[in-house]
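Only one structure is covered here, and it is reproduced in the block below.
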Amino acid sequence: MMDGMTLLHDRTDAQLRASGCVKWALAAADVLPAWVAEMDFAVAEPITTALHTAVDQGRLGYGPPDEQCGVAESFAAFAASRWGWQVEAERVVLAGDVVDAVARVLDTLAEDGPVVVPTPAYPPFLTVIGHTGRKIIPAPLDPDAAVAEHNLEAIDAALRAGARTLLLCSPHNPWGRSFGRSELEALRDVIEAHGAMVIADEIHAPLTLPGSSHIPYARVASPGAPVVTLTSATKAWNIPGLKCAQIVCSSAAQAARVRAHPLHPGQSALGTVAGRAAYEQGGPWLDEVIATLDGNRRLFARLVQEKLPRARMRPLEATYLAWLDARAYGLPSPGETALDKGRVWVDHRPWGPGGDGHVRVNLATSPERVAEIVDRLAIAWEH
Ligand SMILES: Cc1ncc(COP(=O)(O)O)c(C=O)c1O
């Protein structure tokens, strides 16, 4: 249990290594892993109880169709209570995961033409778009910008050059931003001037941290504008191995087109059980995660300032993934140096334009491990 927490439990290193989940299982015995987006906390009790019951009942066959498994209704109730967003269940299509959902939506709803991706970007975006036969036009963030904002000029230029879709990530991984209303409206104005479509990946929305509020992009878009929102309980409740993402379409007719994709349905029976339990009963656990992450982001920012004085970091507003600019250390790959010399595995996959010299650090762990991560980065970069 973490200080003052009653529902959130940290797992020991041994438990995490034994879990077989990639974050710890792929790390050598002396390496502290802080890379892929898995949390070190034990899964919320209502979810494990629901899963145990489902296994005992043998719910391991094909899951019921979207409209009968209750996930859409639970998500709609969660979205209404957290963000004041009214979603009719018949607009929600289930899929395996969000990356898979990006491909399904591009295949079924998007016009031909390149896709604009603000970069640095979540790396699988950069591969899945190509898989659908589309080109990517990056809209890079200036790494020296004081605030990580969308590059509206680059987005406008990409749309003028023929792009028809923007893949928005809100809150943004890896920028750590929760976008405010006026920022989203400015983005909307550029997109709608070109009649382009937005695919909004909002998987990190439940992990918006104190001081920021999540505004679903669909709520700022004009009525009838083409917007599809992708999300899943798997990130905020740490169950990414249980496949059940939600594709929130603009209309039931649009949802029917996505359901006609040859890979539909992609969700697993246990994923639907866990997703429902998360949305219906996982709020108190999520609130403790948010309180812990709030403490961890402050601790991390303070320790970075003290022990990694040349590293730069903008305030973390959402997600548990801190975006650390290590360019001032002049290392060819700060992530590889961290692993080789500090024995800490921070994420250093290719993020696209604007991402060089940065690493992404996973803070969904105990404060003790957060401190250890910084100590190990200091061994690697400062000595
Ligand atoms: C922005 C973003 N989208 C999607 C995903 C992956 O979601 P899924 O496992 O549902 O594909 C992640 C995982 O970290 C993510 O950060």
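The values are calculated or read from the model by the stated rules, or taken from the named source; none is laboratory data. Note that the structure is a prediction, hence the values are computed from the model and not measured. Ideal geometry is used to build each Cβ from the backbone, glycine not excepted, and the neighbour counts take in all protein chains shown. To get the accessible areas, we keep the full protein, side chains included, count just its heavy atoms, and leave off ligands, DNA and RNA. Shrake-Rupley method; radii C 1.70, N 1.55, O 1.52, S 1.80 Å.
Things worth noting here:
- Elements of the type strands (runs of 3 or more DSSP E) sitting completely within the stretch 70-144 and holding at least 2 residues that are more than 14 Å from T231 (Cα to Cα): these cover 115-119, 136-140.
- Scanning the stretch 85-108 for residues that are touching a residue at least 40 places away in the same chain (Cβ under 8 Å), open to solvent by 20 Å² or more (accessible area, probe 1.4 Å) and away from the ligand (no atom under 14 Å from the Cβ) gives E88, E90, R91, D107, T108.
- Filtering the stretch 109-125 to residues that are surrounded by fewer than 19 Cβ atoms within 10 Å (Cβ to Cβ) and within 15 Å of the ligand (Cβ to nearest atom) leaves P123, P124.
- Odd one out for G20, checked against (1) of a type in the set (G, A, S); (2) open to solvent by 30 Å² or more (accessible area, probe 1.4 Å); (3) at negative phi: (3)
Let's see how each residue does on (1) within 12 Å of the ligand (Cβ to nearest atom); (2) among the aromatic types (F, W, Y); (3) over 24 Å from the mean Cα position of the chain (by Cα):
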position: L230; (1), (2), (3): yes, no, no
position: T234; (1), (2), (3): yes, no, no
position: C244; (1), (2), (3): yes, no, no
position: V248; (1), (2), (3): no, no, no
position: A253; (1), (2), (3): no, no, yes
position: V258; (1), (2), (3): no, no, no
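- Selection count, the stretch 29-59, where residues are closer than 19 Å to H348 by Cβ and either of a type in the set (K, R) or open to solvent by less than 50 Å² (accessible area, probe 1.4 Å) (or both): 8
- Filter result for G133 (on the phi > 0 side of the Ramachandran plot, in the same structural domain as L168 (by TED's automatic domain parsing) and not hydroxyl-bearing (S, T, Y)): yes
- When residues of the stretch 329-358 are limited to those that are acidic (D, E) and in contact with a Lys or Arg (Cβ under 8 Å, 6 or more places away or on another chain), the one nearest to W35 (Cα to Cα): D347
- Taken as a whole, the structure leaves L303 outside the set of residues that are touching a Pro at 6+ places or on another chain (Cβ under 7 Å) and either open to solvent by less than 60 Å² (accessible area, probe 1.4 Å) or at pLDDT 95 or above (or both).
- Qualifying residue in the stretch 176-196 (condition: open to solvent by less than 10 Å² (accessible area, probe 1.4 Å), in a loop (DSSP other than H, G, I, E, B), within 22 Å of D40 (Cα to Cα) and modelled with pLDDT of 95 or more): yes
- Qualifying positions in the stretch 60-71 - more than 16 Å from the ligand (Cβ to nearest atom) and open to solvent by less than 30 Å² (accessible area, probe 1.4 Å): D66, C69, G70
- Whenever a residue of the stretch 182-195 is farther than 10 Å from I215 by Cβ, its partners that are of a type outside the set (A, V, I, L, M), lying with C-beta atoms within less than 7 angstrom and at least six residues away or across chains, give the pairs L187/H150; V190/D156; E192/S222.
- Qualifying positions in the stretch 310-324 - touching a residue at least 40 places away in the same chain (Cβ under 8 Å) and surrounded by fewer than 19 Cβ atoms within 10 Å (Cβ to Cβ): R310, R314, P315
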